[in-house]
Amino acid sequence: KISINDVIQLRPDIVISYNYRFLIPKEIIEYMNGNIINLHISLLPWNRGAHPNVWSFLEDTPKGVTIHYIDEGIDTGDIIVQKEVFIDEGKETLKSSYEILHKEIQELFKENWEEIKNQKHKGKKQTGGGVYTLRENLNQSSHSLEKKDGILQLKNLRKNLKIQDVILKNFIYMTTEEKKMILNWRNNENIRKWCHSSHLISQEEHDKFIKELKNDCKNFYWLLEKEKNYLGVISLNMVDFNNKHAYLGIYSNPKLKGVGSVLMNCLKEVAFKIARLHTLKLEVFEANKHAIKFYKKHGFKEEGRLKEFVYRNGKWLDVIIMGLVAKNDS
């Protein structure tokens, strides 16, 4: 920690705090008569305090870097200069985004150093509430952290995704032509006969369903494309972020064969690595022998039955509940 004696002995013209983990004492701030600045990797007043990059993701706040004067508060001093930074959340990790922000703050400092040194920046009062966080905040109750984690996963599930060479287009971003194609698939006899809702879906009903997905926090659908070929549809339904489980949905392009494993592998990747779920469930009609065999091949096991749960062609059918638990889940 820097002490007042250090400062008196060094007699600096300016003190620059960068990645410094301690609060500057009041006596040093007063001694320096305002000539003390801090380089902070957030767009103040957002995310004052520790771990600003982490909290910008968890709280979905703007990302950026700020150089500001130090006062007695935690990152509350007047802003000298700042820059908003776009982070591609589909591409960057917490580590890489942290490195990007440090590169940006260093460049911002170099660009403005002469004016800062010559005190040409007067500083601007911070506006807006903002909050500050301490290191201990990351050790808060698991329930609260799980809630924030769920917010982050929710954001990820609303995006277009890419798994190896397969593009997963979220339903809410589909073109008009793609929406029509999906409706034709869903109304195909070989698909709808195995659905709980086996009626022919109207265009109006289909459009309303897709529109409502924009604000749906529990159901997520993707159209899969590989090498300009549409493979099929996967979905996570009734997602519970607290208990980390969901039901799956899956059907392939009626014109294609042999793409089921690609769809399922992508679905498991989304469920267990992106949504970070613990268990995945599904319901399948007892008469759908082909599907049952397919699910067993991919590790699903029968966990129960809903007796005489659906009525098809004059007969009551059982619905089999199957499940899969994530491997190496912590």
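The values are calculated or read from the model by the stated rules, or taken from the named source; none is laboratory data. As the structure is a prediction and not an experimental result, all values here were calculated from the model. All Cβ positions, even for glycine, are placed from backbone atoms using ideal geometry, and neighbour counts span all protein chains on display. Calculation scope for accessible area: heavy atoms of the full protein, side chains included, ligands and nucleic acids excluded. Shrake-Rupley method; radii C 1.70, N 1.55, O 1.52, S 1.80 Å.
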Please go through the range 299-316 and pick out each residue that is in contact (Cβ under 8 Å) with a residue 24 or more places away in the chain and open to solvent by 20 Å² or more (accessible area, probe 1.4 Å).
-> 299, 312
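From the set of residues in the range 187-216 that are closer than 20 Å to residue 291 by Cα and either touching a residue at least 40 places away in the same chain (Cβ under 8 Å) or acidic (Asp, Glu) (or both), which is least open to solvent (accessible area, probe 1.4 Å)? Even if it seems obvious, please write down each step before you answer.
Restricting attention to the range 187-216, the residues satisfying the condition of being closer than 20 Å to residue 291 by Cα are 187-198.
From the residues that got through so far, the ones that are either touching a residue at least 40 places away in the same chain (Cβ under 8 Å) or acidic (Asp, Glu) (or both) too are 188-191, 193-194, 196, 198.
Details: 188: 48, 189: 95, 190: 105, 191: 20, 193: 76, 194: 90, 196: 97, 198: 41 Å².
The extreme case among them is 191.
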Hits in the range 156-188 - residues which are touching a Gly at 6+ places or on another chain (Cβ under 9 Å) and of a type in the set (S, T, N, Q) = 156, 160
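Kindly provide the set of residues from the range 239-276 that are in contact with a helix residue (DSSP H, G or I) (Cβ under 7 Å, 6 or more places away or on another chain) and hydroxyl-bearing (Ser, Thr, Tyr), ordered by number.
Keep residues of the range 239-276 that are in contact with a helix residue (DSSP H, G or I) (Cβ under 7 Å, 6 or more places away or on another chain), which gives 241-242, 246, 248, 250-254, 260, 274-276.
Listed by number, the residues that qualify are 251, 252.
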Selection count, the range 68-88, where residues are closer than 19 Å to residue 156 by Cα and in contact with a Ser or Thr (Cβ under 8 Å, 6 or more places away or on another chain) | 1
Given the conditions (1) surrounded by fewer than 20 Cβ atoms within 10 Å (Cβ to Cβ); (2) in contact with a strand residue (DSSP E or B) (Cβ under 8 Å, 6 or more places away or on another chain); (3) more than 19 Å from residue 175 (Cα to Cα); (4) at pLDDT 95 or above, and given that residue 267 satisfies all but one, which numbered condition is not satisfied?
-> (1)
